[in-house]
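Participant: To start, I am sharing the structure in question, which I have written as structure tokens.
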Amino acid sequence: MTQHDLSFQTASRILFGRGVASGAAAEIAVRGRRVFLVHGAGTARSDWLRAALSDAGCVVASFTCPREPDVALVEAGVASARGAEVDVVVALGGGAVIDLGKAVAALVPAARPMMDHLEVVGQGLPLDNPPLPFVALPTTAGTGAEVTKNAVISVPEARRKVSLRDARMLPDLAVVDPALTDGAPRAVTLASGLDAVTQVIEPFICTRANRLTDALCRDAIPQGLAALVRLMKHEDPDARDDMAWVSLCGGLALANAGLGAVHGLAGPIGGMSPAAHGAVCGVLLPHVLVANAEAEKPHAVARIAEVRGWIAQELGGASDDAPATLAAWAAAQGLPGLGALGVDRADLAAIASAAADSSSMKANPAVLSRQVLEDIMERAF
């Protein structure tokens, strides 16, 4: 496939804008009356939707996602949803909540055990039955999971994070209301925001970029950087709107172009440590940009130069020094290094080996050796 050819898939319907969540219950009720509502650790932020669904004539069974989903949590969710005989799954929360909801919707109708469908540690088989209808309402601006076809699941015994993936897992409806992200804690805003920025940079410089993903990313990269700078200074509804848009663009772009070495490393790091995904992406991004630039691949050289220019435009300094400027700015906002995030130096070789074979790495603009990948992590420590 040349850059002028493209194939583009996304959620069946996307609603975007401040206030659009007010109509979510009616949209959900059309898709099913027995609702499985997946939410974060606290119930207070989901009470409004539970009440609205009840008013719309739905019977609601709730399920809490207190952490990033692992095999045990997904299996518990599937058992609960089957027991409640639900016919639609709704996820209201951050990327972990949406991934859990997406996995439950996919596996409730499945005839095979989950491990048959997991990549890397399982057989990676396609789903044998279509998923239940699934609706996603993100409350953080970061992962773009509301428009992707996979769910990331931890497999503790394998010390890996892997994907459950099928094109039919694309949500039936994504309700992206920036107001749901208002007032998010500063650390969450920083980590998720850097994840969102990473997810428009990596598809832009990757080998599978196309004209449609380029259009999304060229607009979103400087917009995301500028919005994140504003949000680190004060709460700003307009900046929240921009970050929600950038996160959505990242999900659309990565699902249709690919990612790169940042996410190639972040997956194994997440499986071998307690490090939060967004923070890992944020701390790795500057060093991966340098490594990819040093590889001097013709496809990437001009694009990385554009990215450096956008970073310099929003953060100051010279474009040649932009990755270092980004790293210093993020650290000044409180972003920890890999060591402080809980990564063990003794695991770096194993992480590099796993990353080299990851699906995300396949679209990276250059083949980076295991030694280069270790060096990236050392610089991010």
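Taken together, the values in this text are just the output of simple stated rules run on the coordinates, not laboratory data. Predicted model, so just to flag it, every value in this text is computed and none were measured. FYI the Cβ positions are ideal-geometry reconstructions off the backbone, even for glycines, and counts take in every protein chain you see.
Participant: For the stretch 14-180, take N as its residue count and report Rg(C-alpha) divided by 2.2 N^0.38 Å. Walk me through the intermediate numbers first.
Facilitator: Values: Rg = 14.6 Å, N = 167, 2.2 N^0.38 = 15.4 Å.
This ratio for the stretch 14-180 stands at 0.95.
Participant: Okay, next question. If all Cα-Cα distances of the chain are sorted into 10 Å bins from 0 onward, what percent lands in each bin, rounded to whole numbers?
Facilitator: Answer for the chain: a P(r) of 5, 26, 35, 25, 8, 1 percent.
Participant: With everything on Cα atoms, drop me the angle between helix 322-332 and the longest principal axis of the chain, reported from 0 to 90° to the nearest 10.
Facilitator: Helix 322-332 sits roughly 60 degrees off the main axis of the chain.
Participant: So for the stretch 30-168, averaging the separation of alpha carbon pairs under 8 Å that are six or more residues apart and normalising by length, what relative contact order in percent results? Could the numbers behind the result be given before it?
Facilitator: Numbers: 281 pairs, mean separation 34.5, N = 139.
About 25 percent, as a whole number.
Participant: Calculate the spin-label point distance for Asp219 paired with Asp344, positioning each point 7 Å from the Cα along the beta-carbon direction, and give it in nanometres.
Facilitator: With each label placed 7 Å out from Cα toward Cβ, I get 4.6 nm.
Participant: If the stretch 184-379 were replaced by its equivalent ellipsoid, with semi-axes equal to the square roots of 5 times the Cα gyration tensor eigenvalues, what would those be, largest first, whole Å? Show your work: numbers first, answer last.
Facilitator: Numbers: eigenvalues 106, 79, 47 Å².
Semi-axes, largest first: 23, 20, 15 Å.
Participant: Only helical DSSP H runs with n ≥ 4 go in: add -39500 (n - 2.57) per run for the chain, normalise by residue count and round the 222 nm mean residue ellipticity to 500 deg cm²/dmol.
Facilitator: Numbers: 13 runs with 184 residues, N = 381.
After summing the helix terms and dividing by residue count, I get -15500 deg cm²/dmol.
Participant: Further, regarding this structure: Note down the nm distance, to one decimal, between modelled labels 7 Å out along Cα→Cβ at Asp236 and at Gln313.
Facilitator: The two pseudo-label positions are separated by 1.5 nm.
Participant: Order 69-78, 274-283 from most to least packed using the mean count of other Cβ atoms within 10 Å. Can you show the working numbers first?
Facilitator: Numbers: 69-78: 19.5, 274-283: 24.2.
Descending packing order for the listed peptides: 274-283, 69-78.
Participant: Mind checking which aspartates and glutamates have their Cα closer than 17 Å to the Cα of Lys233? Skip sequence neighbours fewer than 8 apart in that chain.
Facilitator: Within the straight-line limit of under 17 Å, Lys233 reaches these aspartates and glutamates: Asp182, Asp241, Asp242, Glu314.
Participant: Report, by chain and number, residues whose modeled amide H sits under 5 Å from the one on Ala56, excluding near sequence neighbours (fewer than 5 apart, same chain).
Facilitator: Those qualifying (amide H under 5 Å, at least 5 residues apart or on another chain) number zero.
Participant: Additional query: Between Ala158 and Arg13, what is the FRET efficiency for a Förster distance of 35 Å, r being their Cβ-Cβ separation, to the nearest 0.05? Intermediate values should be presented prior to the final figure.
Facilitator: Working: r = 36 Å, r/R0 = 1.02.
FRET efficiency, Ala158 to Arg13: 0.45.
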